[in-house]
Amino acid sequence: MKKIILIIAVVVILIGGYLVFNKSTPAEAPTDTNVTSGMPATPELERGEPAPGATVPEMIVETAAAVITYTDSGYTPASAKIKMGETVKFMNESSKNMWPASAQHPTHAVYPTTGGCLGSTFDACKSVSPGQSWSFKFDIKGDWKYHDHLTPKYFGGILVD
């Protein structure tokens with residue numbers, strides 16, 4: 001009887017240890033400061049998470065009209081020209097996370113549709129890991145500027161005809 005209890009205890013400890021040590025944790029976004037005002041970003045954004053209750057845009061699964069690659073030195077090409085209704089794919093080929101979002105940092109509110117995690121739907125609302133991508137379908141004509149929320153010095157524009 002003691003052997004059975006001992007075996008059960010060992011199994012429970014092993015399973016518990018496995019669950020604790022194999023729990024995946026999201027990558028931490030670096031602390032970020034507003035380039036214009038010097039104000040720190042919100043705690044939710046520092047963790048690379050959307051604010052509680054925010055609507056996070058869904059990933060779009062369709063062929064991209066343009067692919068913009070994020071590298072350790074920024075976006076390449078920084079600008080693209082597409083037709084209204086087409087999708088741009090932001091591919092992370094850098095060694096760090098990226099967070100593509102509508103200008104202007106840190107509000108992300110220039111693209112006029114609201115409902116994203118901060119100001120616009122043109123916002124990944126989270127960091128995108130190296131090797132991953134995020135896509136956005138542009139439904140409004142205009143010249144839409146964007147930036148990397150995690151490294152705001154990297155930016156570009158999408159001209160939508």
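Can you confirm whether region 78-99 contains a residue that is over 18 Å from Gly157 (Cβ atoms), of a type in the set (A, V, I, L, M) and either in contact with an Asp or Glu (Cβ under 7 Å, 6 or more places away or on another chain) or modelled with pLDDT of 95 or more (or both)? For region 78-99, residues over 18 Å from Gly157 (Cβ atoms), of a type in the set (A, V, I, L, M) and either in contact with an Asp or Glu (Cβ under 7 Å, 6 or more places away or on another chain) or modelled with pLDDT of 95 or more (or both): absent. Under the condition of being touching a residue at least 12 places away in the same chain (Cβ under 8 Å) and among the polar types (S, T, N, Q), which residue from region 100-118 is farthest from Pro152 (Cα to Cα)? My answer is Thr113. All of Ala101, Ala64 fail the test of being surrounded by 16 or more Cβ atoms within 10 Å (Cβ to Cβ), touching a Gly at 6+ places or on another chain (Cβ under 9 Å) and either in a loop (DSSP other than H, G, I, E, B) or on the phi < 0 side of the Ramachandran plot (or both), apart from Ala101.
Taking the criterion of being within 19 Å of the chain's Cα centre (by Cα) and at positive phi, the only residue of region 68-95 that qualifies is Gly74. Looking at Cys117, Cys125, just one residue is at positive phi and either of a type in the set (D, E, K, R) or part of a loop (DSSP other than H, G, I, E, B) (or both), and that residue is Cys125.
Scoring Met91 on the criteria (1) farther than 17 Å from His149 by Cβ; (2) touching a strand residue (DSSP E or B) at 6+ places or on another chain (Cβ under 6 Å); (3) surrounded by 14 or more Cβ atoms within 10 Å (Cβ to Cβ) leaves a single failure, condition (1). The single residue among Asp139, Asp143 that is in a loop (DSSP other than H, G, I, E, B), over 16 Å from the mean Cα position of the chain (by Cα) and under 16 Å from Ala66 (Cβ atoms) turns out to be Asp139.
The values are calculated or read from the model by the stated rules, or taken from the named source; none is laboratory data. The model shown is predicted, which means the values in this text are computed figures rather than measured ones. No Cβ is skipped: glycine too gets one built from the backbone with ideal geometry, and neighbour counts run over all protein chains shown.
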